[in-house]
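**Student:** The structure under discussion is supplied below as structure tokens; questions concerning it will follow.
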Amino acid sequence: MAERRMVLGVIGADVHAVGNQILNYAFTEAGFSVVNLGVMVSQEEFIEAAIESDAKAIVVSSLYGHGELDCRGLREKCDEAGLKGILLYVGGNIVVGKQPFEEVEKRFKAMGFDKVFGPGTPPEVTIEALKKDFELLEAQA
Amino acid sequence: MKPVLLVDFGSTYTKATAVEAESGKLMGTAQSYTTVEQDISLGLEKALAELKGQTGALEYEKRYACSSAAGGLRMIASGLVPSLTSEAAKRAALGAGAKVIRTYAYELTEDDTAEIAALAPDILLLCGGTDGGNSACALHNAEAIASIDRDFPVVVACNRACARKCAEILTAAGREAIVTENVMPQFNSLNIEPCQKVIREVFLRRIIQAKGLSRMHELISGILMPTPAAVLQALTVLSEDLGELCAVDLGGATTDIYSITEGLPTKAGTVLRGLPEPYAKRTVEGDIGMRYSANGVLEAVGLKRLCSNADITEEQMTAWLARIQEDKGILPREPWEQQADFALAATAIEVGLARHAGEIEPVYTPMGLAYQQTGKDLTRVKQILLTGGALIHTGKAAELAQKAMATTFYPSSLMPRQAQAVVDRHYILSAMGLLSQYDRTLAKTMMIKELL
């Protein structure tokens, strides 16, 4: 089986490094090959890393509330860069203030994200979702 | 007595240096003008004759040479993403002492391959993909390169998963292909030494022969490396004693900048971004120089700023640039001409340093002010070495460097600001790089004695 490679990072001007380290550890332990870009990552950096490492998923974190602005256009840029169909995940405190999660999820899915996770999601939940999505991709291949 | 002869075959000058290996004494230096059309051995014979005048007849124990003659080591670098493997490939080639004539990213097109055929590089460096990452690009490019009807060796330093396959495609087309380690095995980690070693081997085995330098064999025990690689080697050895340093080699057509330092952030709260920097880094500014590229300096900063670096009017500067265009060998005589040349040199150093060094920018985050650094922080580098005919012969090299470092035009640049200028008066850096291959300690002691 080929390595299940993903790109991980905290988007925008966000410097929350602890959660990023926890996710890096959890995903690596779960058997994924993680290209971790750390904090303050731009959309372009996510895309360039995915191209160069041939990753099948981009997992975006955001904790400071500006995620919605930072994530806009990521899917379109991926398409443009030839990363058609790459898995896009987003999670954390991704919007300003407290908003009903269903609405938030809807908005981010409309932006092209495959999975959206709210505040306080344990890594296990994301790992399960990733495994399922990778299996689907591998079945298609 | 153990005299050692060190020769630097340049494109315009052949320089010979004689060193006494037991005492570490510089016995003599000589240079002679050579043209590309002439047999390069003529230049060497003239330089040796001049050297003999200084030292008397000598039985040299060892003879080493480096070369940048016949255009130097002309390389093309290709990679996948411009800021990642393409940049890594370019850095690997520059650090190996090559002249990088073109860098490509992504898949090569028919136009690109036609251009490569026309450029006829000495070596092509094929990169792309991290290990286990993208292999489609490198495979496509190997096919594209194989289709080019030109014989040049290809160094394959791409994703290891497809490197062997790339080499097979190339050898099937009759091209020599040498597989080495990936320049970027993991994302954002630079691994350029194995690749540089291979480039040097190819240079020794194939390029020397192709450029008619092999006729030198009876005179020289071996041409060891391209000249810029020798300079980089000398600086690396010197930095073992002096600590972090920078160097500027200001030429007529290009300006080479070197830095031997990690260049890590010196300011608190700084996040480091981008591709890691090589500890010994070389960049070349192809548009910045004192004669052939004098107009490049003007284009880089504009007339007004160019004049602000010396006591001179815009009319005088324009007149001087016009005269340089007419005669590339011109030397300044009148005071105003010297001022104009001073402005040109100071600006060339300033632009070269600013492009070589990293940058820092403030980022306003909801958590407060943070800084983002890309490239090397050279602000605390203590020494800056100055070499190249244009600098050595002005007699004002140190003053020029101070002027360049005092510039206020690059507020976000992490260029050296307070480094002490050290002048390579006898033009020995490349010779010392060669000597260090023979005796590292000797080269180090001699450099410290000569330079400081």
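**Student:** Defining a contact as two alpha carbons under 8 Å apart and six or more residues distant in sequence, what relative contact order in percent does segment B:74-207 show?
**Tutor:** Here the relative contact order equals 25 percent.
**Student:** If I take every Cα pair under 8 Å that is 6 or more residues apart in chain B, average their sequence separation and divide by the length, what percent do I get for the relative contact order?
**Tutor:** Averaging sequence separation for qualifying contacts and normalising by length gives 14 percent for chain B.
**Student:** Mind pulling the per residue volume of the convex hull built on the Cα atoms of the protein assembly as shown? Å³ is fine.
**Tutor:** 171
**Student:** Principal axes first, then extents: for the Cα atoms of segment B:74-207, list largest minus smallest coordinate on each axis, whole Å, largest first.
**Tutor:** 33, 29, 23
**Student:** Could you tell me which of rounded, prolate or oblate describes segment B:1-91, using a ≥ b ≥ c as the square roots of the eigenvalues of the alpha-carbon gyration tensor, with rounded for a/c under 1.5 and, failing that, prolate when a/b is larger than b/c and oblate otherwise?
**Tutor:** Note, shape of segment B:1-91 comes out oblate.
**Student:** Assign one of three labels to chain A, namely rounded, prolate or oblate, based on the Cα gyration tensor with a ≥ b ≥ c the square roots of its eigenvalues; rounded applies when a/c is under 1.5, prolate when it is not and a/b is larger than b/c, and oblate otherwise.
**Tutor:** Rounded shape, in that the Cα axes give a/c under 1.5.
**Student:** Let me ask something else about it. What are the GluC sites (Glu not before Pro) within segment B:1-98 that DSSP puts in a loop, where the Cβ has at most 16 other Cβ atoms within 10 Å?
**Tutor:** Passing sites in segment B:1-98 are B:Glu22, B:Glu37, B:Glu59, B:Glu61.
**Student:** Using the alpha carbon gyration tensor of chain B, what are the three equivalent-ellipsoid semi-axes (square root of 5 times each eigenvalue), largest first, in whole Å?
**Tutor:** In descending order the semi-axes read 33, 30, 22 Å.
**Student:** At a Cα cut-off below 22 Å, give the lysines reachable from B:Lys165, other chains included and same-chain residues fewer than 8 away excluded.
**Tutor:** Within the straight-line cut-off, B:Lys165 pairs with B:Lys197.
**Student:** Further, regarding this structure: Among B:Ile76, B:Pro265, B:Ile312, whose Cα sits farthest toward the positive end of the charge dipole of chain B (+1 at Cβ of Lys/Arg, -1 at Cβ of Asp/Glu, about the Cα centre)?
**Tutor:** The Cα lying farthest towards the positive end belongs to B:Pro265.
**Student:** Work out the FRET efficiency for A:Ile22 and B:Thr318 from their Cβ-Cβ distance, taking R0 = 60 Å, and round it to the nearest 0.05.
**Tutor:** 0.45
**Student:** Could you tell me the convex hull volume per residue, in Å³, taken over the Cα atoms of segment B:8-149?
**Tutor:** With only Cα atoms used, segment B:8-149 gives 153 Å³ per residue.
**Student:** Within straight cross-link reach of B:Lys62, meaning Cα distance under 16 Å, which aspartates and glutamates are found once same-chain residues fewer than 8 apart are removed?
**Tutor:** B:Asp8, B:Glu20, B:Glu22, B:Glu218, B:Asp439
**Student:** Now, a different point. In nm, to one decimal, how far is the B:Thr408 label point from the B:Lys25 one, both placed 7 Å along Cα→Cβ?
**Tutor:** 5.2
**Student:** To the nearest 20 debye, what is the magnitude of the charge dipole of chain B about its Cα centre, counting +1 on the Cβ of each Lys and Arg and -1 on the Cβ of each Asp and Glu?
**Tutor:** Around 800 debye, computed over chain B.
**Student:** Another one. Based on the Cβ-Cβ distance of B:Lys165 and A:Glu44, what FRET efficiency does E = 1/(1 + (r/R0)^6) give at R0 = 45 Å, to the nearest 0.05?
**Tutor:** Plugging the Cβ-Cβ distance into 1/(1 + (r/R0)^6) gives 0.90.
**Student:** Something else: What's the center-to-center distance, using Cα atoms, between segment B:149-172 and segment B:264-278 in Å?
**Tutor:** Segment B:149-172 and segment B:264-278 have Cα centres spaced 34 Å from each other.
**Student:** Apply the a/c threshold of 1.5 to the C-alpha gyration tensor of segment B:229-451 and tell me whether it is rounded, prolate or oblate.
**Tutor:** Verdict is oblate for segment B:229-451.
**Student:** For segment B:1-121, calculate the relative contact order in percent as a whole number, restricting contacts to Cα pairs under 8 Å that are 6 or more residues apart.
**Tutor:** The normalised contact order for segment B:1-121 reaches 22 percent.
**Student:** Let me ask another. Regarding segment B:214-350, what is the average projected area of its C-alpha convex hull, in nm²?
**Tutor:** Quarter of the Cα hull surface area: 12.9 nm².
**Student:** Counting other C-beta atoms within 10 Å, which of B:Trp320, B:Trp336 has the fewest, and how do the rest follow?
**Tutor:** Lowest count first: B:Trp336, B:Trp320.
**Student:** Sticking with this one: Could you tell me which of A:Ile47, A:Thr121, A:Ile58 has its Cα farthest along the dipole of chain A towards the positive end, charges placed at Cβ (Lys, Arg +1; Asp, Glu -1), taken about the Cα centre?
**Tutor:** Toward the positive end, the furthest listed residue is A:Thr121.
**Student:** Here's something else I'd like to know. Keeping to pairs on different chains or 8 or more places apart, tell me how many lysine pairs in segment B:262-410 have Cα atoms under 22 Å apart.
**Tutor:** Qualifying lysine pairs in segment B:262-410: 10.
**Student:** How large is the dipole of the protein assembly as shown about the Cα centre if only Lys and Arg carry +1 and Asp and Glu carry -1, each at its Cβ, rounded to the nearest 20 debye?
**Tutor:** Here the protein assembly as shown has a charge dipole of around 960 debye.
**Student:** Would you mind checking segment B:325-356 for residues with the amide N under 19 Å from a putative spin-label position 7 Å along Cα→C-beta of B:Asp311?
**Tutor:** Answer for this model: B:332-347.
Here, each number is a calculation from the coordinates, and none is a lab measurement. Remember, it's a predicted structure, so these values are computed and weren't measured experimentally. All Cβ positions, even for glycine, are placed from backbone atoms using ideal geometry, and neighbour counts span all protein chains on display.
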